[in-house]
Amino acid sequence: MDTPEENPEGYKFGSVMTHAEKLKGQLLITHGTMDDNVHMQNIIQLIEKFQELDKDFELMIYPNSRHGVGGKKRAHVIRESVQFWFKHFLGRKLNPEID
């Protein structure tokens, strides 16, 4: 994409902020606080935008994790993601015995 100075329209179109108002349905955002690709300030800006637009989303922050949360926290990421899918797309709990 070159640089923002060389391709301002490409960067504008490629920004999630440009398209935030188009969000429909549910969204799960997972973010590692040490992510060096998507900085924490970017997530805060996106959350603020979604709140201003009254959009539904869920957020799970993983302290001291990088982009693509892994290690011991990976099982938690997977469980949260699957639970999100069951709740919002299948209309039921992953494990109905657990509240």
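What follows draws every value from the coordinates through simple rules; no lab data is involved. Since the model is a prediction, treat every value here as computed from it, not as a measurement. Heads up, the Cβs are rebuilt from the backbone with ideal geometry, glycines too, and the neighbour counts pull from every protein chain shown.
Quote the charge dipole size of the stretch 1-89 about the Cα centre in Debye, to the nearest 20; the model charges only the Cβ of Lys and Arg (+1) and of Asp and Glu (-1).
On the way: 11 positive and 13 negative charges, 139 e Å.
Using Cβ point charges on Lys, Arg, Asp and Glu, the stretch 1-89 gives about 660 debye.
Counting only residues 5 or more places away or on other chains, whose amide H sits under 5 Å from the amide H of Met60 once H atoms are built in the peptide plane?
For Met60, whose amide H was placed from the backbone, the distant partners under 5 Å are Ile29, Thr30, His31.
Using only Cα atoms, find the angle between the long axis of helix 40-52 and the longest principal axis of the chain, and express it within 0 to 90 degrees, rounded to the nearest 10.
In the chain, helix 40-52 runs at an angle near 80 degrees to the longest axis.
Could you tell me the relative contact order of the stretch 24-90? Use alpha-carbon pairs under 8 Å, at least six residues apart, and round to a whole percent. Write down the numbers at each step before the final one.
On the way: 69 pairs, mean separation 29.2, N = 67.
Averaging sequence separation for qualifying contacts and normalising by length gives 44 percent for the stretch 24-90.
What aspartates and glutamates sit close enough to Lys12 to cross-link, taking a C-alpha to C-alpha distance under 15 Å and skipping anything fewer than 8 places away on the same chain?
Output for Lys12: Asp2, Glu21.
What angle, in degrees between 0 and 90 and rounded to the nearest 10, separates the Cα long axis of helix 74-85 from the longest principal axis of the Cα atoms of the chain?
That works out to roughly 80 degrees.
When 1/r is averaged over all different Cα pairs and the result inverted, which Kirkwood radius in Å belongs to the chain? Could the numbers behind the result be given before it?
Numbers: mean 1/r = 0.0645 Å⁻¹.
Over the chain, the inverse of the mean reciprocal pair distance is 15.5 Å.
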